[in-house]
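Just so you know, all these numbers are worked out from the coordinates, no wet-lab data involved. This structure is a prediction, so every number in the text was calculated from the model and none was measured. Cβ placement follows ideal geometry from the backbone for every residue including glycine, while neighbour counts extend to all protein chains displayed.
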Amino acid sequence: MRRFRFGAVVRHAESGKEWAEKARRLEDAGFDVLLVPDHLVGTRFAPVAALTAAACATSRLRVGTMVFANDFRHPAVLAKEAATLDLLSGGRLELGIGTGWMAADYASAGLALDPPGVRVGRLAEALAVLKGLWGDGPFTFDGAHYRVRDLDQRPRPAQRPHPPLLLGGGGPRMLRLAAREADIVHLTMRTKRDGSGPDERDGGLEAFLGKLRTVREAAGDRYDRLELGTSVMQAGELRADETWSAADSARLNGTPQVLLGTRRDMLDRLRHWRDEHDVSYFVMHYERDLATFAPLVEELAAP
């Protein structure tokens, strides 16, 4: 039976002291991973520095990204940053990566938001570069998007052959890529082609189950080695006046992305998704729900 794991996305703090306290609270509450998003706009912290500080403030808590936007960095740069962070944290990094999707990020930096197929193809090459540079000896790569020449990059990551790779997505191209290349597949809603937000046509139980089928079919013999996860967008009571609206909750209700009801209701649903559908890694998307979710973590994460 797959072991439950729990993560939480933490976006910012008012000081280094507050950031360290947030990390320690997650560790003390039994969460497995602190995760940081990657956006150029807004108040969110930059991932590498924030994760380094979180790792220094804790001893067991793993740190990761939800998720690096591939288009913001050359994979050779990311490979070195990630390997250094993994080494300094004692092998606690989980590297989440996606194509990048938010139009505001691209516009603010003057970056072209290419069609989804182009971005997925570029991400596939980036994964090859990351894995190659984390291997042994000089690495050379000639692709349509990236070229690397005889690069023997140090340090190597502490985790071998590399830190766990999480790929998140909701479209079939991303899910198939994740099934082939990732260690953790994180199922999300699809985003609009123009990068303006989630695609309202996506969501609901049948769509979520269809994504699981896509992953299983694409993974083949790798399936039993994959960890399947998703983000919990709302837990406990329905709060229509907050960021995650009633319409969003209604669209996703029935999936593990919205957990409404009593503590027992939520526990039963989490066990159902693990036991019946192999989804065992749950990430709290908003800090507002941590107090509601922490007792579930305490019960389900117990040996």
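Compared with the dominant principal axis of the Cα atoms in the chain, helix 47-57 is inclined by about 70°.
Taking label points 7 Å from Cα along the Cα-to-Cβ direction, Glu299 and Gln153 give a separation of 4.4 nm. Principal-axis analysis of the Cα atoms of the chain puts helix 205-219 at an angle of about 30° to the longest axis. Residues whose amide H falls under 5 Å from that of Phe68, counting only those 5 or more places apart or on a different chain, are Gly96, Ile97, Gly98, with hydrogens built in the peptide plane. Using the average count of surrounding beta-carbon atoms within 10 Å as a protection proxy, the listed peptides 13-22, 70-79 rank, highest first, as 70-79, 13-22.
From the P(r) of the chain, can you give the percent of Cα pairs sitting at distances over 27 Å? Please report the intermediate quantities before stating the final value.
On the way: 18327 of 45753 pairs.
Counting pairs separated by more than 27 Å, the tail of P(r) holds 40 percent.
If R0 equals 25 Å, the separation of the Cβ atoms of Arg160 and His74 corresponds to a calculated FRET efficiency of about 0.60. May I ask for the net charge around Ala219, where only other residues with Cβ less than 15 Å from the Cβ of Ala219 are counted and Lys, Arg are +1 while Asp, Glu are -1? So the surrounding residues net to +2.
The long axis of helix 16-29 is offset from the longest Cα principal axis of the chain by roughly 60 degrees.
Partners of Lys22 within straight-line reach, counting lysines whose Cα lies under 28 Å from its Cα and excluding those fewer than 8 residues away in the same chain: Lys80.
Kirkwood hydrodynamic radius computed over segment 1-138 comes to 15.9 Å, based on all pairs of distinct alpha carbons.
Normalised by residue number, the volume inside the convex hull of the Cα atoms of segment 81-160 is 112 Å³ per residue. Extension gain, Ala46 to Arg180: 0.36 nm times the residue separation minus the Cα-Cα distance gives 45.4 nm.
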